[in-house]
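Throughout, read-outs are computed from the coordinates displayed, never taken from laboratory work. A quick note: this is a predicted structure, and the numbers were derived from the prediction, not measured. Backbone-built Cβ (ideal geometry, glycine too); neighbour counts: all protein chains shown.
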């Protein structure tokens, strides 16, 4: 039964997941094409200097990509469930309802981890080809909250979609819109180093939030 | 589990509103506070001041004598030298010293160190300039160095270590007893300076070294420091008088300078500097150094003569925003505020500020009563909402919004 649920999730999201990952890789391609171009046109030493001392973030166009991916992925996975209240069919299965929701969420989270993981690995690998580890490490610290924003948005958008009452959906949207910028505050390269760990833990804690909406949906809250 | 998920959502709301609402409040109601401008007058041998009063700019001295703008500028001839030369009011000599514009300019210096400069991620890689190339302009080198288990130069074009150069500098540092890795590297990593003096590096044993490159060879000098003296920040300077290499801030927040060529450590007789919350500004002129320590609600100035002895000092404070009307009202509404960035640091973290006093308790109690009636209206037993009451009691308006957004309505 669990395998079937996971397979159902896979059917729903597979093309979105593949396309979003390809989009991410495309953006990385653009970033490093830009790096190669700028390295040649402004000399590598001047380019390094601009990164080290003038605050140039060669990867700045990446900032909202994981967020966008998280939002689209949440819609791809949860929107079909509320069309004609299809998720109610899942709730009628002889399975623990919380567990079903958690498995769906876990599936989505693992999918995003794989997709983001590929991007982060490519970002790190290509970065290490062009730059010294000091530059790459600072870049990794800076992009971490951007990817966490993707996870945060995924969990909260899922909560919004599963919420049955429109008024509360709007309230949750307002909170989400105010909350997500915490991950995206402008910062110098490496400026997020004291907070990345706590943000990661915090994002993991948010993951169970959609149980609340699912519960309200299940009970037919009006 | 679902109940926990509700509290997680309430927590998110508390964090969000604790960040957003106080931010919006200050955006709407915070009033500017114009700090006075004080300068030490070499004519009066005392401070003169510019203040905004009722929308007007008032010039005076500390005794209360008021000046016109031009009279005020004449009290500060070294600061307004160009204006005084144009208006023909520049004195020929001051305190028996003949005034020559070149001499005045050579002795003029300005230095600023913000708390944010100290509390910020360091690049870890630095360009080592050729300090005696024979050229007028400095050139950006092709490599950048790090000092970890050895001194390594990394070619930016190939992203590989330049072994020969790295070996050369590592051996030179080892020869002078440098203990790897470095704890701090300070310099002026720009080609826009009058000349290059390389870097000042603190090694693993807290010893201070001067390292530069002279005709492609390493120059290393170990600076003798008084016993137990440790530095938390070094800011190198490039002033025309070439008297010292840098300002050094000790771990006990004392300000030192390191004199050029003879490497003498001299302490400024300045007390009470707080590098975490105060901006340090040091103005130098022909006769004095004025050391300013500027906080959000106060200003301290110590004036030194050219022998670095204290000749005058002044301090003033004014109400900060929490002490003003808008801050008092804030104290009645918000029990705390949270932000991810602060003016005194480049690092992002959760900066939690509890509001001073307990005026916010009034609103918290009001919200508790209101929540009680809301639960009654929703026909929910208030006993089931005990945790909600605790949340509102502690976090006030933030928790109130949180528990209302995510209703405590469970069917079992």
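Here the label points at residue B:243 and residue B:51, each 7 Å from Cα along the C-beta direction, are separated by 3.1 nm in the simple model.
Here the simple spin-label model places points 7 Å from the Cα toward Cβ, and for residue B:380 and residue B:70 these points are separated by 7.5 nm.
Across every direction, the projection of the convex hull enclosing the Cα atoms of the protein assembly as shown has a mean area of 35.9 nm². Kirkwood radius and radius of gyration were both taken over the C-alpha atoms of the range A:1-42, and their ratio Rg/Rh is 1.41. Calculated on the alpha-carbon coordinates, the convex hull of the range B:114-267 measures out at 123 cubic angstrom per residue. Taking only the alpha carbons of the range A:77-157, we obtain Rg and Dmax values of 18.0, 56 Å in that order.
In vacuo Debye scattering of the range B:187-318, one point per C-alpha: log10 I(q)/I(0) at q = 0.09, 0.16 Å⁻¹? Relative scattering, expressed as log10 I(q)/I(0), comes to -0.29, -0.88.
The angle separating the long axis of helix A:2-42 from the principal Cα axis of greatest extent in chain A is about 20 degrees. Highest GNM mean-square fluctuation among A:133, A:169, A:14, for chain A modelled with Cα contacts below 10 Å: A:133. For the range B:21-123, the Kirkwood hydrodynamic radius from C-alpha pairs, put into Stokes-Einstein at 10 °C and a viscosity of 1.306 mPa s, yields a diffusion coefficient of 94 µm² per second. Contact order for the range B:181-285, expressed relative to its length and based on alpha carbon pairs under 8 Å spaced 6+ residues apart, stands at 15 percent. Computed over chain B, the per-residue total of -39500 (n - 2.57) for DSSP H runs of n ≥ 4 gives a 222 nm mean residue ellipticity of -8000 deg cm²/dmol, rounded to 500.
From the P(r) of the range B:137-194, can you give the percent of Cα pairs sitting at distances over 13 Å? That fraction is 65 percent.
P(r) tail for the range A:2-218: Cα pairs beyond 24 Å make up 47% of the total. The residue B:31 and residue A:53 beta-carbon pair, evaluated with R₀ = 30 Å, returns a calculated FRET efficiency of approximately 0.25. Put one equal scatterer on each alpha carbon of the range A:1-75, apply the Debye formula with no solvent term, and list log10 I(q)/I(0) at q = 0.27 1/Å to two decimals. The calculated log intensity ratios at q = 0.27 Å⁻¹ are -1.15. Mean sequence separation of contacting Cα pairs (under 8 Å, at least six apart), scaled by the length of chain B, corresponds to a relative contact order of 14 percent.
What FRET efficiency, computed as 1/(1 + (r/R0)^6) with R0 = 41 Å and r the Cβ-Cβ distance, is obtained for residue B:131 and residue A:64, rounded to the nearest 0.05? Approximately 0.40, to the nearest 0.05. Pairwise inverse Cα distances across chain B, averaged and inverted, put the Kirkwood hydrodynamic radius at 26.2 Å. What the Cβ-Cβ distance of residue B:179 and residue B:298 gives, at R0 = 45 Å and to the nearest 0.05, is a FRET efficiency of 0.65. The mean of 1/r over all distinct Cα pairs in the range A:110-181, once inverted, gives the Kirkwood hydrodynamic radius of 14.1 Å.
Here's the picture: a label point sits 7 Å out from the Cα of residue A:2 along the beta-carbon direction, and within the range A:95-131 the residues with their amide nitrogen under 11 Å of it are A:100, A:103.
Based on the Kirkwood approach, the hydrodynamic radius assigned to the range A:174-219 is 12.7 Å, with every pair of different Cα atoms included. Stretching residue B:192 away from residue B:43 to a fully extended chain increases their span by 50.2 nm, per 0.36 nm per residue minus the current alpha-carbon distance. Only helical runs count toward this figure. For chain A, summing -39,500 (n - 2.57) over DSSP H runs of n ≥ 4 and dividing by all residues gives -26500 deg cm²/dmol at 222 nm. One way to sum up the overall shape of the range B:321-373 is the equivalent ellipsoid from its Cα gyration tensor, whose semi-axes run 26, 15, 7 Å, largest first. DSSP beta bridges fully contained in the range B:114-267 are about 95 percent antiparallel.
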